[in-house]
Each structure stands twice: as structure tokens, then as C-alpha cells.
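Novice: Sharing a structure with you now.
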Amino acid sequence: MQQSARIEAKTGRLIVGWDTIIIGSGFGGSVTALRLAEANMRVLVLERGPWWGPRLEGDVDAERRAYPRGAGWRSGIRNIVWAKGQKTRRVELDARGLLEFHLHPKLFGWTASGVGGGSLIYTDILMRPPKDFWKALPAEMSEEELAPYFDKFVEMMRPAPLPESKRREDARPRQMLEASEKTGEEPFFPPLSIQFDDVPEGNAAGVHQPPCIHCGECFVGCPTGAKTTLDRTYLPAAIKAGADIWEMCEVEAIASHDHGYSVHYRDRRTGQRQVEQAPRVVMAAGTFNTLALLNDAHHRHRSVEVPPALGRQFSPNGDMMAAGWRSGPQDGPPGPNYPALLTTGTENGGPLIVWGEVGSPAAFFGDGPLREWLRSTYLYFAIGQDRMHASVRTGPDGIQVQASRLHRAPYYGRSERLMHRLMEGYELDRQVENLPGGRGSAHLTSVHPMGGASIGRGPDEGVVDHRGEVFGNPGLYVADGSLYPTEPGVPPSLTIAAMAERQAELMVSRTREELPAERVAIAMPQTRPSAIDRPRAEITVRPTDLRLLTPGALERTWQSAPPAEVPQVQGRLPGSVVHLRGVDPLPLAPRKLLDRLVGALSLWRGKHIVGARGHNHFGLGGAQVRFGQFEVRAGRAWQEANRQDAKQVLVLDYDQPENPAWLRRLRGELCRLEPDLFLGRVGWRGDGGVHFLMYFGLAAPTKRRRASARPKRASEIRPLTR
Ligand SMILES: Cc1cc2nc3c(=O)[nH]c(=O)nc-3n(C[C@H](O)[C@H](O)[C@H](O)COP(=O)(O)OP(=O)(O)OC[C@H]3O[C@@H](n4cnc5c(N)ncnc54)[C@H](O)[C@@H]3O)c2cc1C
Ligand code: SF4
């Protein structure tokens, strides 16, 4: 992780902090990251999942996961969000898992987690939406206006239809052609973002992709790398352009403040909760997760005021799924997923419906009988313009999607009949239609959730404007599937990405001068900035959060903080080591690592103070040991002892008769950062005065902390000087 500092060319000021933080690295997030980084902005992408492949070619440090991605249930499924009854629950199986399932009363949704987002598991189809899609969008957006942005994404991903020579050679397209001949349909071959030929000079991002071997396992990854995903295109290009991508960092809350936004996240590798800030935040966590984050910010943490249209205009993009089984081996290689499609609607009248056979995710189940059985499984999928305009229930207990087939029964009835006809052509032994509920059931499956934070002409109509900026929240953007007021009715990734290309261009062209002065990236503060009144995010600052500050920032924070007082520190105070002397000359990354390592390994658990006497607690597992008595009194900070204006501190004096001789030479000092938080330092009395040893953090006494009326936020410790 790099330091987020740079010199602003125009003013020569040192700018510390990010210009933009992007939440999620799927289609919206990756495109935005590259374009803003290319415009020389300091961009941070926070992605909750891992890298599944090499970050950059030749990058040996990157995590390399074995193919197939996510094989096996446990490592395959990251978590299940279960929104039944009044509360939304979340069960996590493996923070590194690939898939996320969303169970809503009548909708089963399915998304991906990992650097590259949905591109890791998509079936590679990149299609443009039909003409009538544009009617629902504001006047600023039209098919003609968006055309160059569609082209930009296509230039990077280079999609191409399945080569003619393979259409009868590969089993899947051949079966589709035979089945549709029986039913009198004419399939077409959509553009697939797959590298079919060997291109020695690499793809548009210069990354080498071997050619497709037609193995049919695109669903759960690709054994060769022929599938063109975002972690092989936009994201390596964004890294080369200077963007930082922090994987395994899951955003938990966002909060608005005077200078922009705080993004609170949990580093899933260390378990630590941390915070980053920027004048601009782009929410690209995918429809379900962006809606959940916005909902929590508004209803739970009350940290961002989101327009009342949040949750309106949701659509499953007309998705419907069915499965069939036919015994006997397939003749020839299966070929890519979803190679040939059928369409009806729009020109023939009625909404667009696109359907076909997808191919089963057999590789997901590793090797074994289940995988073999799945190889003879046929999965069918329909997508279309359902015009559902369903709602998502919002509130402090989480979101719940209220969509069901009954909202648009005629559309789904037609879609089911079309799929049924195609399945007849396959002459299956057994089939289940409209998964998971069965034929006619109100339940739906969707892998293309759209809307809920939709574009509108004003805050009564939508959540964001045509630039993707949340009404009433300058600098807060949405750039993913959630911003569409209507569904495209085709696989939506190309549309999401094209919109993100447009948004990024508008962000770049909106010069820094146009932004209100106080929202321009924050210059290094000379003193600790004042706390903000809003929001009331229920995130409590812990002593370990102080490790976000560099030694320089800790020193400034120490100098500007008032002294702690004896009555404030009565009782048990949990603590942790924040920074050690001697690691300062090291570069930032090893320095932080060492500080964290020492903090994590340290057996010191905190202090216990009663009246004017105190002692330290050390512990391992459940065992606790007291060691090191000290006296507590008001006094002057050590390095200023000879000065008239020496800083007042609370002195922790270890020069007590019960301590061993070496311990009596220690001296502690304590300042108060917040009612709940103290910053301390320890020095060694030696020749020529006291020598600094370390900074430590202490939390307020446990009972008082729990009873605290107003919870504190990590944002109040500003990590501007990482
Ligand atoms: C099986 C399957 C096949 C598909 N096939 C196609 C296809 O062929 N063509 C097509 O166009 N579309 C396809 N899709 C749909 C496509 O994947 C999605 O429409 C698309 O990925 C949505 O893009 P997005 O930018 O909205 O979000 P996503 O691509 O979902 O990206 C969101 C990212 O945000 C991350 N994230 C979420 N929450 C947090 C958080 N709190 N903190 C940090 N990071 C977070 C996620 O891990 C993820 O990486 C398919 C989907 C599935 C499931
Ligand atoms: S068919 Fe196989 S090789 Fe080709 S893109 Fe799909 S998974 Fe990769």
C-alpha cells in the first residue's frame, strides 16, 4: 500500500489523501479507476475480495488461486445475504469466496466477489441495449451521446462472436442450432469477450491471453486466461496509471463531512477496521451491495442523507432460469458459455427477450461424481425488458427486494413459454423450469439486478443525476448496475461500463476549480482537525486505529492534544502499542508492517488506574498478569521540561520502590484525544534527558465507554497523513 501524497502541479502544495475512493472493482469500478488514474488523480479502489490471478504479468507477490476459481462449496461461496421477515441477515462462509447469494422473499440473486467483480464469472456476452432503453433516461443521455463510450469499452475488451468454424464443431452451439432448427428459430452469435486467437503482443492492456480451448468452463473462471476479465484489462492498466487497488478491504460504512467522505472498511486479512477519506467517493459495489451501503448510511448510521427515491425502480432484468438433463456424452468440446442466442420482441412488438442455453458451472464442484453429473446438465437463461419497476424495502434493518414474477406476470409467462419451446428442441430426459420455484412459480432467479439508486431528473424522481452524483451529496457517485431507472433487457455489463466511461470523463472535465474550495483534496493538517457533528455512524474508534497515523502525524496529534486528567482515566483501560521508536527510517510499508506486528504480538493489554496509582496488564490467552506500578499526576511533557510553555500532560511515573531498577527509569505521559480515547508515549530516563520509546493508545474505561451516549467514529481520527 502506497502513501497517498503528491505535489499539486498548479500550486506546489503537498496534497495528502486520495482524490477519489472507489468501492468495488467490477465493471463500474474498474472503468472509473482507470480513467481517473489516467487523468493523474490519486485513486484508491477498495475491493472486498481477493485477486484471483496475477496482478500484473511477472508479479510474483500477487496471490494466485488455483483453477477453477472457487471450486468447492466452502471456498466458492463467500456469503449468503438472507432477507426474510423483518431483518436482513448475513452468513459468511469464507471472506475469500467467489460467489455471494442473495435470498429475498421471491428473488434469488447471485453476484461475484473478487478483484474484477462480476467479470470473473460472467458468460462473456457484451451486448448493446435496444433503442427504447434510452427513453427512460434523462435528456442529457441518448444512444448517440453514449455511443463513443460503448466503443471505448469494446476497444479494451475486444469481444468477438464464436468463429464460424467452431459453430458446428463445439457441442454447445451445435446443439443449440439443431434445437432451434426443430422449432424454426434463427439463432445469432453474440459478441463474447474471449480471446479466440493467439495474439502474441497481448490484449488492449498489453496482457497476454492464451487462446480459448473451448472447454466450456467460463462460468467459474477460465483455465487458460482466454476469457477477457477486468483483472486482465482495465485493472492492470489502472495500476500502471498509478491507481492503488487494495484487495480484501470490505467497506462497512460511508460518512459525509465538511471535506468530503470517510470510507470505513475492514481489512479482511488483519481483521482491523480502518478509514480512508477523499473529496470524491464512487460507489461501485454492485446493485445489491451499493443499495445496502447507501441504505445503512441513511437509515442506520445517519451519516449520509440519501434521497427518498432509494429503493425504487428495481428490476431483475427479466431474468429467468431453467435446467434440463439428457443422458449420453457430448460429442466434441462443449465450447464457451452462451455462444448462441435467440431473441424476440422490440422490432416484432413487445418487450425484448433474449434466451438460450448457458452451460453448467460443473467445474465449480471440483472433480467427482457431481461434476460428471453436471456435465450432462443443460442450463437455460432468459433475459429481457420486464418493466417491473419493483421496489426495495429500505430501513434500519437492511434492504429487502420486493420483486416477484407476479409483478409482471404476462412478460414472465411469455419468457417461460419461449424457453419451454427451446427445451423441447433439446429432447431432454428431465427438466425443471423457472428455477428455483418451478413452472408458474412466483420466485425468480436474477444475476443481473438493476436499479434502486436510479438516475432521475431530481431527488423526487431518482437518487443520482445523469452524472451519477447522489442528489444533495456533491462528490458522492454511484457507478454500477444500481443506477439504471429501467433495465436494458440484454446482459448489462457493457451498458454499466459505458456509463462509467461517460461518468469518469465528466468527473475529469469538472476541474478542481469548479469544486467548492473546501472539497478540494485536503492539505496536510498542521493540527488535528476538529471533529465533525454529523454523521452518527456507530463506529467506535479503538486504540489500534491510531496506527493509521504516520510518526509525523502522531507527533502533531500529540502536540495539539490536551492533557488527560486523573478522573478521566479511572478504571480499566484497554490499550495497544501504536508506534515503536527505531522503525521510522524504514520505508512506509515495512514500517507499518513492523508496527502492526509488534502491536499484534505485544502481550501488553492496557492499564488499570485507581486514584493516583496504576499498573499494567499483560496477558496471553485467558491468563492475565499485573506488572509495572506507576503514580499518576499532572505535570509537564519531558522534552519541554526546561521551557516556560512546556505542554501539560498526565505523567505516569514508574519510579516506584516496588518496581525493578530498570523499570524505574521509564516514564509515561498521557493526552486525551476524545472522551473515549487517549494517546500516550513512553520514554527512558537516560543520559541527557528522556528518550522516546513508543506511542501507545488507551481506550476509555470499559464501562463508561459502553454507556457513552454518543458513539464515536473512526473518521474523527483523520488518516490524512498515511
Ligand atoms: C453467472 C453470471 C453470468 C453473467 N454473465 C453476464 C454476461 O455474459 N454479460 C453481462 O453483461 N453480464 C453478465 N452477468 C452480470 C454481470 O456480472 C453484472 O451485471 C456486472 O458484474 C455488474 O457490474 P457492477 O459494476 O454493477 O458490479 P460488480 O461487477 O458486481 O462488482 C461489484 C464489486 O464490488 C465488490 N464489493 C461489493 N461490496 C463491497 C464492499 N462492501 N466493499 C468493497 N467491495 C465490495 C464486489 O466484490 C465486486 O467485486 C453475469 C452475472 C452472473 C452472476
Ligand atoms: S471456453 Fe474454456 S478456454 Fe474458452 S473462455 Fe471459456 S473457460 Fe476459457
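The values are calculated or read from the model by the stated rules, or taken from the named source; none is laboratory data. Treat the numbers as computed from the prediction; the structure is a model and nothing was measured. Neighbour counts are summed over all protein chains in view; Cβ atoms, including those assigned to glycine, are modelled from backbone coordinates with ideal geometry. Only protein heavy atoms, including side chains, enter the accessible area calculation; ligands, DNA and RNA are left aside. Shrake-Rupley method; radii C 1.70, N 1.55, O 1.52, S 1.80 Å.
Novice: Report whether or not Arg168 is more than 14 Å from ligand 2 (Cβ to nearest atom) and assigned to a loop (DSSP other than H, G, I, E, B).
Specialist: It is true that Arg168 is more than 14 Å from ligand 2 (Cβ to nearest atom) and assigned to a loop (DSSP other than H, G, I, E, B).
Novice: Within region 65-86, track down each residue that is more than 23 Å from Lys227 (Cβ to Cβ) and either modelled with pLDDT of 85 or more or among the hydroxyl-bearing types (Ser, Thr, Tyr) (or both).
Specialist: Answer for region 65-86, where residues must be more than 23 Å from Lys227 (Cβ to Cβ) and either modelled with pLDDT of 85 or more or among the hydroxyl-bearing types (Ser, Thr, Tyr) (or both): Asn79, Ile80, Val81, Trp82, Ala83.
Novice: Among the listed residues Phe196, Phe219, which satisfies the condition of being assigned to a helix (DSSP H, G or I) and either within 14 Å of ligand 2 (Cβ to nearest atom) or in contact with a helix residue (DSSP H, G or I) (Cβ under 8 Å, 6 or more places away or on another chain) (or both)?
Specialist: Checking each option against the conditions leaves just Phe219.
Novice: With respect to Thr123, is the statement that it is modelled with pLDDT under 95 and in contact with a Cys (Cβ under 8 Å, 6 or more places away or on another chain) true?
Specialist: yes
Novice: Sticking with this one: For the list (1) open to solvent by 10 Å² or more (accessible area, probe 1.4 Å); (2) within 11 Å of ligand 1 (Cβ to nearest atom); (3) not in a loop (DSSP other than H, G, I, E, B), I need the number of the one condition that Glu505 fails.
Specialist: Of the numbered conditions (1) open to solvent by 10 Å² or more (accessible area, probe 1.4 Å); (2) within 11 Å of ligand 1 (Cβ to nearest atom); (3) not in a loop (DSSP other than H, G, I, E, B), the odd one out for Glu505 is (2).
Novice: Condition first: at pLDDT below 90, more than 16 Å from ligand 1 (Cβ to nearest atom) and open to solvent by 10 Å² or more (accessible area, probe 1.4 Å). Can you find one or more residues in region 284-301 that meet it?
Specialist: no
Novice: Quick test of your reading of the structure: Leu652 fulfils all but one of (1) crowded, with 19+ Cβ neighbours inside 10 Å; (2) modelled with pLDDT under 95. Name the failing condition by number.
Specialist: Of (1) crowded, with 19+ Cβ neighbours inside 10 Å; (2) modelled with pLDDT under 95, only one is false for Leu652: (2).
Novice: Here is a check on your reading of the model: is Ile254 in contact (Cβ under 8 Å) with a residue 12 or more places away in the chain, within 30 Å of His104 (Cβ to Cβ) and touching a helix residue (DSSP H, G or I) at 6+ places or on another chain (Cβ under 8 Å)?
Specialist: Criteria met by Ile254.
Novice: Looking at (1) of a type outside the set (Phe, Trp, Tyr); (2) crowded, with 19+ Cβ neighbours inside 10 Å; (3) within 16 Å of ligand 1 (Cβ to nearest atom); (4) outside any loop (DSSP other than H, G, I, E, B), find the lone condition where Arg174 falls short.
Specialist: Here Arg174 clears every test but (3).
Novice: Name the residues in region 26-46 that are open to solvent by less than 10 Å² (accessible area, probe 1.4 Å) and either polar (S, T, N, Q) or touching an Asp or Glu at 6+ places or on another chain (Cβ under 8 Å) (or both), would you?
Specialist: Across region 26-46, the qualifying residues are Gly28, Gly29, Ser30, Val31, Thr32, Leu36, Val43, Leu44, Val45, Leu46.
Novice: Just one of (1) closer than 30 Å to Arg408 by Cβ; (2) surrounded by 24 or more Cβ atoms within 10 Å (Cβ to Cβ) trips up Thr346, so point out which.
Specialist: Evaluating Thr346 over (1) closer than 30 Å to Arg408 by Cβ; (2) surrounded by 24 or more Cβ atoms within 10 Å (Cβ to Cβ) leaves (2) as the failure.
Novice: All but one of (1) surrounded by 19 or more Cβ atoms within 10 Å (Cβ to Cβ); (2) closer than 20 Å to Gly384 by Cβ; (3) at pLDDT below 95 hold for Pro449, so report the exception by its number.
Specialist: For Pro449, the failing item is (3).
Novice: Sort through Arg128, Arg174, Arg168 and tell me the only one that's of a type outside the set (Val, Ile, Thr) and within 26 Å of Glu501 (Cα to Cα).
Specialist: Testing whether each residue is of a type outside the set (Val, Ile, Thr) and within 26 Å of Glu501 (Cα to Cα) leaves just Arg128.
Novice: Answer yes or no as to whether Ala179 is open to solvent by less than 20 Å² (accessible area, probe 1.4 Å) and either within 16 Å of ligand 2 (Cβ to nearest atom) or not assigned by TED's automatic domain parsing to the domain that holds Leu126 (or both).
Specialist: Considered against the rule, which asks whether it is open to solvent by less than 20 Å² (accessible area, probe 1.4 Å) and either within 16 Å of ligand 2 (Cβ to nearest atom) or not assigned by TED's automatic domain parsing to the domain that holds Leu126 (or both), Ala179 comes out as no.
Novice: Follow-up. If you check every pair at least six apart or on different chains, which have Cβ atoms under 7 Å apart with a residue in region 207-225 that is without any contact (Cβ under 8 Å) to a residue 24 or more places away in the chain first and a residue that is of a type in the set (S, T, N, Q) and within 6 Å of ligand 2 (Cβ to nearest atom) second?
Specialist: Within 7 Å, the pairs are Pro210/Thr224.
Residue-by-condition table, conditions (1) among the hydroxyl-bearing types (Ser, Thr, Tyr); (2) under 16 Å from Ala33 (Cα atoms); (3) within 14 Å of ligand 1 (Cβ to nearest atom):
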position: Asp170; (1), (2), (3): no, no, no
position: Pro200; (1), (2), (3): no, no, no
position: Gly221; (1), (2), (3): no, no, yes
position: Gly225; (1), (2), (3): no, no, no
position: Met248; (1), (2), (3): no, no, yes
position: Glu276; (1), (2), (3): no, no, yes
position: Arg280; (1), (2), (3): no, yes, no
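Novice: Kindly list the number of the only condition in (1) at pLDDT 95 or above; (2) closer than 25 Å to Glu487 by Cβ; (3) open to solvent by 10 Å² or more (accessible area, probe 1.4 Å) that fails for Val251.
Specialist: So Val251 meets the others, but not (2).
Novice: Follow-up question, since we're still on this one. Is it the case that some residue within region 206-213 is touching a strand residue (DSSP E or B) at 6+ places or on another chain (Cβ under 7 Å) and more than 15 Å from ligand 2 (Cβ to nearest atom)?
Specialist: no
Novice: Given (1) at pLDDT below 90; (2) surrounded by fewer than 17 Cβ atoms within 10 Å (Cβ to Cβ); (3) part of a loop (DSSP other than H, G, I, E, B), where does Glu372 come up short, assuming only one miss?
Specialist: (3)
Novice: Quickly run through region 41-58 and pick out the residues that are modelled with pLDDT of 90 or more and either within 11 Å of ligand 1 (Cβ to nearest atom) or not in a strand (DSSP E or B) (or both).
Specialist: Val45, Leu46, Glu47, Arg48, Gly49, listed by residue number.
Novice: Same structure, new question: Among Glu164, Glu155, Glu185, Glu178, which is at pLDDT below 90 and not aromatic (Phe, Trp, Tyr)?
Specialist: Step by step, each of Glu164, Glu155, Glu185, Glu178 is checked, and only Glu185 is at pLDDT below 90 and not aromatic (Phe, Trp, Tyr).
Novice: Oh, and also: May I ask you to say which residue of Leu146, Leu126 is within 11 Å of ligand 1 (Cβ to nearest atom) and touching a residue at least 24 places away in the same chain (Cβ under 8 Å)?
Specialist: None of the others qualify; the one that does is Leu126.
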